[in-house]
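Undergrad: Take a look at this one; I'll ask things after.
The values are calculated or read from the model by the stated rules, or taken from the named source; none is laboratory data. As the structure is a computational prediction, the values presented were derived from the model and not from experiment. Cβ coordinates were reconstructed from backbone atoms using ideal geometry, including for glycine residues, and neighbour counts include every protein chain displayed. Surface accessibility is based on the protein's heavy atoms, side chains included, excluding ligands, DNA and RNA. Shrake-Rupley method; radii C 1.70, N 1.55, O 1.52, S 1.80 Å.
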Amino acid sequence: MNVIVTGASGFIGRNVLVRTPRDWTVVALWHRTRGLEEFIAEHHLTHVRALHCDLLNADDVAEVRGAVGGHADAVMYLAANGDPAASSEHPRWDLESNTTALVNFLEGCPAGHLVYVSSGAVYDGLTGEVTPATPVSPRLPYAISKLASEQYVRYFAERRGTLGSYVNVRFFGAYGPYEAARKITTRWLRGMAAGQREFAVRGDGRNLIDFMYVDDAVTGFLRLLQARGERLTVDFASGAPVSVNEVVNAMARVLGVSVTVRHEGIVPEYIEFRSADPTMRERFGVVPAIGFDEGLGRFKAFFDQQVQTRQTA
């Protein structure tokens, strides 16, 4: 299968690349985050080719189209603004990163099947159980641009005919190896390991986080990448959301330490909803299997291995 992965140098992208079948031919796109060629070589991903691409540049997208012979069998579209909170201060940048870049890519690079990674943030402002059938009216710019992007995917499939099929995935999030250093799981695990015992949390700490260990996320994404013929929107969530306060306590439990939490300020994206969409489980057979404590243990082992590698290098 001839596959394009956008945003391949990011957190989810790197984890996807190491799990792609070796009989696929993968063109992995990166823009600002360097080091993808070295990552591919380090993991012996001989079926993967890294290609620099600014998705807002039509000439760059044309080069991608040429690299896959004019038509990709499937696309995993991960490229996006990776910081939802920043969209409140920079809405135009967010719109260009999330939506304009997608439209430019779809205008220049037809594909048989597209997995577009949207976000559970489209349910911004809602409470209780939600599904893709739930009416939404988000106010967070990041959520607005993600929702608009979903509709553009439908347009290019149903009106333009340049996509054969698609799955819009309202992804609720993941944690694990290669995530951004600013993410709370990385910052707090590293902090606790370094002896930090007091942590500041924006808001009251009751904000819900529904995220899964990245291995479960990749399993689901690879399953959807092979779901040609589908045209639908799905939620992809762990089904077991936890509060930010619970995240801190779980980390302390895994590391065997005691910590205190200081609450301050407010959060621009306050989450009080949870997905009740059974589609990933019932239609695609995907059920996140790695519990939060187990996932944190795996993540800690990854950090420990990195430290050991640096010490012996």
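Undergrad: Tell me, what HN-Hα J-couplings in whole Hz come from the Karplus equation 6.51 cos²θ - 1.76 cosθ + 1.60 at θ = phi - 60° for each residue of region 237-253, using x for Gly and Pro?
TA: 9, 6, x, 9, x, 10, 7, 4, 4, 5, 4, 4, 5, 5, 4, 4, 5
Undergrad: By what distance, in whole Å, do the Cα atoms of region 185-313 stretch along each of the three principal axes, largest value first?
TA: 51, 42, 21
Undergrad: For a quick check: with amide H placed at 1.01 Å from N, whose amide H comes under 5 Å from I271's, ignoring anything fewer than 5 positions away on the same chain?
TA: The list, which skips near neighbours in sequence, is L208.
Undergrad: Taking only protein heavy atoms into account and a 1.4 Å probe, give the accessible area per residue of region 110-216 in Å².
TA: Result: 39 Å² per residue.
Undergrad: Helix-only mean residue ellipticity at 222 nm, the chain, DSSP H runs n ≥ 4 weighted -39,500 (n - 2.57), per residue, nearest 500. What is it?
TA: Per the formula, -10500 deg cm²/dmol.
Undergrad: Would region 46-159 count as rounded, prolate or oblate if I go by the C-alpha gyration tensor, calling it rounded below 1.5 in a/c and otherwise prolate when a/b exceeds b/c, oblate otherwise?
TA: Note, shape of region 46-159 comes out prolate.
Undergrad: Still on this model: For region 1-68, what value does the Rg/Rh ratio take when both radii are computed over Cα atoms and Rh is the Kirkwood radius, given to two decimals?
TA: A ratio of 0.94.
Undergrad: Still on this model: Rank R32, R231, R49 by mean-square fluctuation in a GNM of the chain with C-alpha springs under 10 angstrom and give only the top-ranked residue.
TA: Greatest mean-square fluctuation among the candidates belongs to R32.
Undergrad: Using Cα-only point scatterers and the Debye equation, what is log10 of I(q)/I(0) for the chain at each q in 0.07, 0.11, 0.16 Å⁻¹, rounded to two decimals?
TA: These q points yield log10 I(q)/I(0) values of -0.27, -0.69, -1.46.
Undergrad: How much area per residue is accessible in region 16-66 when the probe is 1.4 Å and only protein heavy atoms are counted (Å²)?
TA: 56
Undergrad: Let me ask something else about it. Against the longest principal axis of the chain, how steep is helix 292-312, in degrees 0 to 90 to the nearest 10, with axes from Cα atoms?
TA: Long axis of 292-312 versus the principal axis of the chain: about 90 degrees.
Undergrad: Here's something else I'd like to know. Counting only DSSP beta bridges with both residues in the chain, what percent are antiparallel, rounded to the nearest 5?
TA: 5
Undergrad: Compute the helix-to-body angle for 214-225: its Cα long axis versus the longest principal axis of the chain, expressed 0 to 90° and rounded to tens.
TA: The two axes meet at around 20 degrees.
Undergrad: Let me ask you something else. When the chain is fully extended, how far beyond the present Cα-Cα distance does A193 get from E282, taking 0.36 nm per residue of separation?
TA: Result for the pair: 28.1 nm of gain on full extension.
Undergrad: Taking the Kirkwood radius as the inverse of the mean 1/r across Cα pairs, report the Rg/Rh of region 86-222.
TA: With Rh from the inverse mean 1/r over Cα pairs, Rg/Rh is 1.01.
Undergrad: Here's something else I'd like to know. Rounded to the nearest 0.05, what FRET efficiency is calculated for E230 and M1 with R0 set to 22 Å and r the Cβ-Cβ distance?
TA: 0.90
Undergrad: I need the shape label for region 234-305. Rule: rounded when a/c is under 1.5, else prolate if a/b > b/c, else oblate, with a, b, c from the alpha carbon gyration tensor.
TA: Since a/c reaches 1.5 but b/c is at least a/b, the shape of region 234-305 is classed as oblate.
Undergrad: Roughly to the nearest percent, how much of the accessible area of the chain is carbon and sulfur, given a 1.4 Å probe?
TA: C and S atoms contribute 48 percent here.
Undergrad: Another one. Which value, in Å² rounded to 10, gives the accessible area of S88 with a 1.4 Å probe and all protein chains present?
TA: Accessible surface of S88 is approximately 60 Å².
Undergrad: Another one. Sequence-distant or interchain residues sharing an amide H contact under 5 Å with V75, placed H: which?
TA: I4, H113, L114, V115
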